[in-house]
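Chemist: Take this structure, written in C-alpha cells, and hold onto it; I'll ask about it next.
The values are calculated or read from the model by the stated rules, or taken from the named source; none is laboratory data. Quick caveat, the model's predicted, so the values are computed rather than measured. All Cβ positions, glycine included, derive from the backbone under ideal geometry; neighbour counts span all protein chains shown.
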C-alpha cells in the first residue's frame with residue numbers, strides 16, 4: 001500500500017543567492033560620509049632636527065677635528081626659567097646666578113624677552129659662526145609640551161617693523177643630562 005507523502009517533508013526552495021541589498025545600501029551611505037569627513041582632519045607638524053645617534057665609543061684618533069668656530073647655542077627650559085649657553089660661555093642671570101631669563105612674577109615664561117635676547121645674539125653671531133642659524137632646545141621632563149613649542153616659536157622668528165625675519169630656523173631638541 002502506498003502512502004501519500006506528507007506536506008511536512010516538502011520544504012520550499014530557498015534562493016541560493018544572498019540578499020546584498022542591505023549591505024549595498026550601507027556602503028552607499030558610508031562612503032560619502034567617510035569622504036566628506038576626511039577634509040576636516042588636519043595634521044600639525046613641527047620640523048625639528050634630531051642629533052645623530054652614536055654607535056659606540058670613539059677614540060681620540062677617530063674624532064674629527066673642528067676647524068670652524070661653532071656657536072652651539074642652547075636654550076634650557078627649567079621650572080625657574082630659561083638658561084642660555086653656547087660653546088663660548090653660559091649666560092647667567094642678573095646677579096651672576098640663576099636662569100638667564102627667570103620666570104615672570106605670575107609664574108609664566110617670558111617668551112618676549114627670550115626672543116629679544118636671541119635677536120641680539122643672532123646679530124652678533126651672523127657671519128662669525130658657521131652654525132648661526134641653529135639652536136638646540138633642552139627641556140626638563142616636567143616641562144609642558146606647549147612651553148617647548150612656544151620656545152621653538154620664539155627662537156625661529158622675530159618681528160621687526162611689521163616684517164617677520166628668520167632667527168634660528170634650524171631647531172634641534174635634546175634630552176636633559178641629570
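Chemist: Looking at (1) under 29 Å from residue 142 (Cα atoms); (2) at pLDDT 75 or above; (3) not in a strand (DSSP E or B), find the lone condition where residue 70 falls short.
Modeler: If we test residue 70 against (1) under 29 Å from residue 142 (Cα atoms); (2) at pLDDT 75 or above; (3) not in a strand (DSSP E or B), just (1) comes out false.
Chemist: I would also like to ask the following. State yes or no: is residue 103 in contact (Cβ under 8 Å) with a residue 40 or more places away in the chain and more than 19 Å from residue 47 (Cα to Cα)?
Modeler: no
Chemist: I want to confirm something. Restricting to segment 87-121 and keeping residues that are under 19 Å from residue 139 (Cβ atoms) and surrounded by 18 or more Cβ atoms within 10 Å (Cβ to Cβ), which single residue is modelled with the highest pLDDT?
Modeler: Ranking the qualifying residues of segment 87-121, first place goes to 109.
Chemist: Continuing with the same structure: Report the residue count in segment 127-171 for those that are in a strand (DSSP E or B) and more than 15 Å from residue 84 (Cβ to Cβ).
Modeler: Within segment 127-171, the first condition is being in a strand (DSSP E or B), and the residues that meet it are 134-139, 157-160, 163-166, 170-171.
Among the residues that remain, those that are also more than 15 Å from residue 84 (Cβ to Cβ) are: 157-160, 163-166, 170.
Total satisfying the criteria: 9.
Chemist: So, of the residues in segment 149-169 that are surrounded by fewer than 17 Cβ atoms within 10 Å (Cβ to Cβ) and at pLDDT 90 or above, which turns out to be nearest to the chain's Cα centre (by Cα)?
Modeler: Top of the filtered list is 149.
Chemist: Can you find a residue that is at pLDDT 65 or above, assigned to a loop (DSSP other than H, G, I, E, B), over 28 Å from the mean Cα position of the chain (by Cα) and exposed (fewer than 14 other Cβ atoms within 10 Å of the Cβ) anywhere in segment 29-50?
Modeler: no
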